[in-house]
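Everything below concerns the one structure shown next.
The values are calculated or read from the model by the stated rules, or taken from the named source; none is laboratory data. Since the model is a prediction, treat every value here as computed from it, not as a measurement. Counting neighbours? That spans all protein chains shown, and the Cβs are built from the backbone with ideal geometry, glycine included. The protein model used for the area step is the full one, side chains on, heavy atoms only, and it has no ligands, DNA or RNA in it. Shrake-Rupley method; radii C 1.70, N 1.55, O 1.52, S 1.80 Å.
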Amino acid sequence: MKTPEKKRILLMADYSNFHATLALGLRKLGCEVTVASDGGSFMKCNRDVDLSRRFSGKLGGLLYAVDVYRNTLTKLKGFDIVSFRDPAFLDLKPNNIAWLFNVIASKNTRCYLSYLSTDIPFLDMLEAPDSPLRYNEWFISGEPNRNRIQNSALWDSWHSPQMAALNRAFYARIDGAVTALYEYHQSALRIFPKERVAYGGLPVDVDSIDHKVISNPQKVRIFLARDYRRKLEKGSDLLEVAARNVVSRHPHKAELVMVENVSRSEYLKLMQSCHLMLDQMYSYTPATMALEGMASGLSVISGGEEDFYNFIGENELRPIINSPVDLETLERTVEEAVLNPALFEGRSRMGRAFVEKHHRPEVVAARFLDFWNRREEFHRQKKTPEA
C-alpha cells in the first residue's frame, strides 16, 4: 500500500513559477510530481509537460485541444491528486476547457484547486457589499476604481455565460482548495466549508537566490518589473509615475530600472542589481516577485497589511513597506525609502528571514500535503462501514 508521502501529483497550469516551485518542495517530501503548463506565457516557467498553444484561431484551438487530449491519455493520467491553477487553466474557450477538465478529472483520483489566480468567485467577493477587503485591484472602499471603470470589457468577459458555466462545473467537481494568498483564502471560505480549505502560501526557491545584505546604498536603484497588459490592475503605471517623480527630484540619489514582459531569468538578473523593488499597489500580501526580491535582500514596496501578518501569525518579521493605494502617498513612501538608505540593511536581513520562515518550497509543500492527506483520510473514513 502506498504511503501518503508517496503520492503521485499532477500540477496543471502555472503562473509566476508557482507550481514549478511547489513541485520542488513536494519532491523533497517524497512525492512524484509532474507539472504540465504552457510556461505562463512570457514568464517561461519550468514544466515537465509542455502545454503551449502554438497557433491562434479556430484551427489553432482545435489542434491545441487535440494535443492536450492526447497528453491526457498518456502523460496526464493515473495521478492521486490533480491541482489546477484556476478554472480557466488552458488557452481555450470555456466550453472546451470544461470538456477537457472533465476528461482529466475522469483519468485521475482527486481534483483540487491551487488558488493562485482570478476566477468568478474571487471577483464576486471583491464586489460584494460584505467583502472582507477594504481595497483590491477592482474596488476601493466599495467603489469601482479606475481599473474597474477602464477595463469594464475584461470584467464582463469574466462573467460571460460560458465562463460562469465553466466555473460552476469546475467547483462542483473539485474537493477543496489550498490558497496562495490571504485574499484568495477569504474567497475560498465563501465557496467551501472551512474543512475543505487550507492556506499554503507562495513557494519561493530560496536556495537558488543569492542573498546580499544591502547596506546604505549611495544611489538607490529602484526596480520595477511588470506585465504591461496588467498595469491598471496592479497599479504599476502609478508605481512608475511615483518612481520617476522621485528620481527627477533626487537624480543623484536614485535611478529607475524598469522592464516589461521579460522572462523570469532576465528579470531576476536585473532585480539582483537593484536595492528597492516596487511590486504592486492593491494587494494585502507580497506576491512572488516581492518575495523573491526580499530573498535577494531588496527592500520591497508591496502588500504588507496587518491583516496578512496576523493571518500568518507573524509578529516579529515585518519587512514589507506597505504600498498606499493613492499616488500622492505612494510617492512620499518611495521618496522616504530613497532618502533613508540606512534602513535598507535591517530590511535586507529581515526580508530574507521572512521568506526562509514562511515560503521555502518544502514549507509550503508540507501545507499542501497535510491538507490533501486530511481530505484523503476523510474520504477513507466515509467509505469505511460503521462497526
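Brief remarks on what is shown
- Exposed GluC sites (Glu not before Pro) absent - longest run of the chain, DSSP non-H/G/I/E/B, at most 15 other C-beta within 10 Å: 1-313
- Phi-derived couplings, Karplus 6.51 cos²θ - 1.76 cosθ + 1.60 at θ = phi - 60°, listed residue by residue for the range 277-285: 9, 9, 9, 7, 9, 9, 9, 7, 10 Hz, with x used for Gly and Pro.
- Our summary gives the range 273-353 a relative contact order of 33 percent, counting only alpha carbon pairs under 8 angstrom and 6 or more residues apart.
- Flagged links, alpha-carbon separation over 18 Å, of Lys194/Lys357; Lys44/Lys269; Lys58/Lys93; Lys7/Lys357: Lys194/Lys357; Lys7/Lys357
- Among the chymotrypsin sites (Phe, Trp or Tyr not before Pro) in the range 6-76, those located in a DSSP loop and surrounded by at most 12 other Cβ atoms within 10 Å of their own Cβ are Phe55.
- The H on the amide N of Val33, modeled in the peptide plane, is under 5 Å from the matching H of Ile9, each at least 5 residues off or on a different chain.
- Separation between Cα centres of the range 88-144 and the range 217-287, rounded to whole Å: 28 Å
- For the range 253-330, the fraction of 1.4 Å probe accessible surface lying on carbon and sulfur atoms is 46 percent.
- Computed about the Cα centre, the dipole magnitude for the chain is approximately 1300 debye when only Lys and Arg (+1) and Asp and Glu (-1) carry charge, each at its Cβ.
- Only Lys, Arg, Asp and Glu carry charge here, each on its Cβ (+1 for the first two, -1 for the last two); on that basis the range 243-353 has a dipole of about 440 debye about its Cα centre.
- The H on the amide N of Phe139, modeled in the peptide plane, is under 5 Å from the matching H of Asn145, each at least 5 residues off or on a different chain.
- Note on Lys6: aspartates and glutamates with a C-alpha under 14 Å away, same-chain residues under 8 apart excluded, are Glu32, Asp80, Asp370, Glu376.
- Accessible area of the range 88-235 belonging to carbon and sulfur atoms, whole % at 1.4 Å probe: 49 percent
- Built amide H within the under 5 Å cut-off of Phe223, gap 5+: Val257, His275, Leu276, Met277, Leu278
- Mean accessible surface per residue for the chain, computed with a 1.4 Å probe while every protein chain stays in place, in Å²: 44 Å²
- The mean sequence separation of alpha-carbon pairs under 8 Å and at least six residues apart, normalised by the residue count of the range 226-367, gives a relative contact order of 23 percent.
- Across the range 186-203, computed HN-Hα scalar couplings (Karplus, 6.51 cos²θ - 1.76 cosθ + 1.60, θ = phi - 60°) run 4, 5, 4, 5, 8, 9, 10, x, 4, 6, 9, 9, 9, 8, x, x, 9, x Hz from first to last residue, x flagging Gly and Pro.
- The Cα atoms of the range 154-306 give a gyration tensor whose axes a ≥ b ≥ c have a/c of 1.5 or more with a/b greater than b/c, which makes the shape prolate.
- The value of relative contact order for the chain, using C-alpha pairs under 8 Å at least six residues apart, is 16 percent.
- Set of aspartates and glutamates with alpha-carbon distance to Lys234 below 15 Å, sequence-local pairs under 8 removed: Glu137, Glu183, Glu260, Asp279, Asp326
- For the range 217-334: rounded, prolate or oblate by the Cα gyration tensor [a/c cutoff 1.5]: rounded
- Just checking the listed ones, Ser302, Ser187, Ser131: in the Gaussian network model of the chain with Cα springs under 10 Å, the one fluctuating most is Ser131.
- Extension gain, Lys382 to Glu345, is 8.0 nm, computed as 0.36 nm per intervening residue step minus the present C-alpha separation.
- Here the range 151-195 and the range 346-387 have alpha carbon centers that stand 21 Å from each other.
- Between Arg134 and Lys107, the simple spin-label model (points 7 angstrom out along Cα→Cβ) gives 4.8 nm.
- Summed over qualifying helices (DSSP H, 4 residues or more, each -39500 (n - 2.57)) and divided by its residue number, the chain shows a 222 nm mean residue ellipticity of -14000 deg cm²/dmol.
- Shape call, the range 14-127: gyration tensor on alpha carbons, a/c limit 1.5: rounded
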